[in-house]
Amino acid sequence: MWGLLTSQPPEIESLKIVKFYPSEGYKPKILAITGGKGGTGKTTIAVNLAFYFSRAGKKVLLTDCDVDAPSVATLLGAKIGDGEEVNQFLPIFDENRCISCGKCSEACRMHAILQVPGKTPLLFPELCLGCGACSLVCPADAVLEGKKVVGWIYEAEAYGIDLLIGELKLNERESEAVIKEVKEKGMRLSEERGYDLIIVDTAPGAHCDVALSLKESDFVLAVTEPTPFGIHDLDLILELASLLKLKHGVVVNRADLPGDHKLLKEVCEKHSSKLMGKIPVDDKVVESHVRSRPLLLDFPESKASRAIIKLAKELWRELSL
Amino acid sequence: MKEAVVVSGKGGVGKTTLSASLGWLMAKRMNLVMVDVDVDAPNLSLVIGGTLKNSLPIEATEKAFILEEKCNGCGNCAEKCPEEAIQILEGKAVVSRLFCSGCGVCSLVCPESAIELRLVANGRLDLYEIPSGFVLLVGKLMIGESGSGKLVSEVKERARHLARERGADLLLIDGPPGAGCPAISAVSGASHAIMVTEPTPAAFRNLKRIFSIIRHFGANPGLIINKANLHEPIKQEEIRFAKREGIEVLGEVPLDDYVPKSLAMGKPVVEAFPYASASLAIKKIFGNFLEYLES
């Protein structure tokens, strides 16, 4: 699955392992990177910001919450070991205890349980949300706790940045369970290691997975482009960030693409979102993707790098790092 | 009736741009219904235009509602909610609509029967008449809503119905990015699944993911490589992958400044700049696409 990744780049500086004792009220800053439209450059910006902050001496955890198309490790050429399974509750019906009353089937609002009269219920695992309603209502204690693997979490490290990557199992739909686990594990690691900053890379769109990924962040950075698609979807994602009562700002990637900068500005104003920078089209970005290395490392003087560094400084102030 | 879905794994590789152009060419040849099921970020209507004829809410999800007069604020629901979507505020349970999955556990554990599950609209279906002679349906998820997979299925079901009613030859579906719930729902039931990719490591990796979904459902797979001159070796690797897996390579589209220009004009590139290098490539792909549809 990760076969495409090129070999691990040389390790340049490794984090000093010092036991971290969280002080009273310790809380890492959380920066979420999202955008609405797909392919606007969320992950590119996330990995390069992480690289910048890490080089600037901050302890950074970068989490990939785009669990159905994770790309953080690919962009950093990070070696991924064996993942940790993300499991979800799946009922097992005990034939010996089941009285075929059908209450579980009635309680399941996902229609994942079919009660055949006189038999043990039949489960459609792909429809099961893992909510446990069936086990709550069973009068015969016949619902045993089983589990299904819905995805994996991988821990990795690249260029002094700790990575936490969620991956949804193919043909599974329970992305929320994987995202939740990535977030929880991120907070656990943070308690141990004392991150200054957690960067969360989200999926495109403005649906519940994105809402879950954004939740609890100190600042939401929406990466967009000036095209009609970019602006349309920016409007949606900023509305979501506002609904969640989160602070947000916008960066315009590929800013020199033909588009409508006036309309883009209007959308930002409508949501009181701060325009935090513009990043120009730059061939070096694709070059860095192909090399699977940070743009800022290989092409620090490129147009896009300079713009990202400017953005990073702006975010530094915003998050009071 | 054939049903072809356009998907990609990675977002932003050009699904909608290519769907718009293929649809525009297709409408001249056959009776077409198009549907945009990228319900989170539906963009097809921005480039195809047309007049909005109808818009109706779609109820594809349930949410918990607290009957305040009955709620005693005991907190059982908040404790058992698997989504942590319930809080007790000023002695009453409050459901966060954004995070409620409609599982109903809260209503089962409520001692006062103070929680009801109600079907709510989580999306909308818009119908556009397109001047070049076809119909476009657009599914839209309300901001932050759950149930996008169910909404995709519902929108597709209605699109199929409309396409059959109109005696359409083809239902062309512009799908969502990713390989999760909405993408699975988009691919399910399609006779043909066209993957759009670009020659970059992230796009290639996610192409493989969506291909696994397509194979699972048994749709006939096709591939278009967009922005093909981004990187020659990865492009070659993608073509080898397609050949190995029995994926029909429908063609490639070069990087072309006229593509973003046409998008800024709100038109498919084949309409706005018919002789641009991207348009010529898409027309060639269109020829292959017609043959591929017969397979």
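Of the candidates A:PRO139, A:PRO125, the single residue that is in contact with a Cys (Cβ under 7 Å, 6 or more places away or on another chain) and surrounded by fewer than 19 Cβ atoms within 10 Å (Cβ to Cβ) is A:PRO139. B:SER8 fulfils the conditions (1) crowded, with 22+ Cβ neighbours inside 10 Å; (2) more than 17 Å from the chain's Cα centre (by Cα); (3) within 14 Å of another protein chain (Cβ to nearest Cβ) except for a single criterion, (2). Just to be sure before I move on: is A:GLU239 within 14 Å of chain B (Cβ to nearest Cβ) and either touching a Ser or Thr at 6+ places or on another chain (Cβ under 6 Å) or not acidic (Asp, Glu) (or both) in the structure I sent? Spelling it out, it is not the case that A:GLU239 is within 14 Å of chain B (Cβ to nearest Cβ) and either touching a Ser or Thr at 6+ places or on another chain (Cβ under 6 Å) or not acidic (Asp, Glu) (or both). With the structure loaded, tell me whether B:LEU56 is assigned to a strand (DSSP E or B) and more than 14 Å from every other protein chain (Cβ to nearest Cβ) or whether it fails that test. Answer is yes for this residue.
Filter the stretch A:242-261 down to the residues that are within 17 Å of B:VAL13 (Cα to Cα) and in contact (Cβ under 8 Å) with a residue 40 or more places away in the chain, then identify the one that is farthest from the other protein chains (Cβ to nearest Cβ). Only one residue fits best here, namely A:ASN253. One residue alone among A:SER23, A:SER71, A:SER54 is among the small types (Gly, Ala, Ser) and touching a Gly at 6+ places or on another chain (Cβ under 6 Å), and that residue is A:SER54. Considering the conditions (1) more than 14 Å from chain B (Cβ to nearest Cβ); (2) under 27 Å from A:ASP201 (Cα atoms); (3) in contact (Cβ under 8 Å) with a residue 40 or more places away in the chain; (4) not in a helix (DSSP H, G or I), A:GLY57 is excluded by exactly one of them, (3). One residue stands out in the stretch B:154-179 among those that are part of a strand (DSSP E or B) and either basic (Lys, Arg) or over 14 Å from B:SER191 (Cβ atoms) (or both): the one that is farthest from the other protein chains (Cβ to nearest Cβ), namely B:ASP174. Scanning the stretch B:8-29 for residues that are in contact with a strand residue (DSSP E or B) (Cβ under 6 Å, 6 or more places away or on another chain) and outside any helix (DSSP H, G or I) turns up B:SER8, B:VAL13, B:GLY14. Evaluating A:HIS232 against the criteria (1) under 25 Å from B:THR61 (Cβ atoms); (2) not in a helix (DSSP H, G or I) leaves one unmet condition, (2).
In contact with a Lys or Arg (Cβ under 8 Å, 6 or more places away or on another chain) and under 16 Å from A:SER54 (Cβ atoms), is that true of A:ASP196? The answer is yes for A:ASP196. Against the numbered list (1) surrounded by fewer than 19 Cβ atoms within 10 Å (Cβ to Cβ); (2) modelled with pLDDT of 95 or more; (3) touching a Leu at 6+ places or on another chain (Cβ under 9 Å), A:HIS232 comes up short only at (1). Being assigned to a strand (DSSP E or B) and more than 11 Å from every other protein chain (Cβ to nearest Cβ), is that true of even one residue in the stretch A:170-183? Within the stretch A:170-183, not a single residue is assigned to a strand (DSSP E or B) and more than 11 Å from every other protein chain (Cβ to nearest Cβ). Tallying residues that are more than 9 Å from chain B (Cβ to nearest Cβ) and buried (at least 24 other Cβ atoms within 10 Å of the Cβ) within the stretch A:218-229 yields 5.
Condition check ((1) more than 27 Å from B:SER153 (Cα to Cα); (2) more than 9 Å from every other protein chain (Cβ to nearest Cβ); (3) surrounded by fewer than 22 Cβ atoms within 10 Å (Cβ to Cβ); (4) touching a residue at least 12 places away in the same chain (Cβ under 8 Å)) across all residues:
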position: B:SER185; (1), (2), (3), (4): no, no, no, yes
position: B:THR197; (1), (2), (3), (4): no, yes, no, yes
position: B:THR200; (1), (2), (3), (4): yes, no, no, yes
position: B:LEU207; (1), (2), (3), (4): no, yes, no, yes
position: B:ILE214; (1), (2), (3), (4): no, yes, no, yes
position: B:GLY218; (1), (2), (3), (4): no, yes, yes, no
position: B:ILE224; (1), (2), (3), (4): no, yes, no, yes
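For the stretch B:51-87, the set of residues classified as under 28 Å from the mean Cα position of the chain (by Cα), closer than 17 Å to B:LEU108 by Cα and among the aliphatic types (A, V, I, L, M) consists of B:ALA64, B:ALA85, listed by residue number. Is there a residue being under 24 Å from A:HIS271 (Cβ atoms), more than 14 Å from chain B (Cβ to nearest Cβ) and not in a loop (DSSP other than H, G, I, E, B) anywhere in the stretch A:202-216? No, because not a single residue in the stretch A:202-216 is under 24 Å from A:HIS271 (Cβ atoms), more than 14 Å from chain B (Cβ to nearest Cβ) and not in a loop (DSSP other than H, G, I, E, B). For the stretch A:95-115, the candidate set comprises residues that are more than 14 Å from chain B (Cβ to nearest Cβ) and touching a Ser or Thr at 6+ places or on another chain (Cβ under 8 Å); within that set, the residue that is farthest from B:CYS77 (Cα to Cα) is A:GLU95.
The values are calculated or read from the model by the stated rules, or taken from the named source; none is laboratory data. From a predicted model like this one, the values you see are computed outputs, not experimental measurements. Ideal geometry is used to build each Cβ from the backbone, glycine not excepted, and the neighbour counts take in all protein chains shown.
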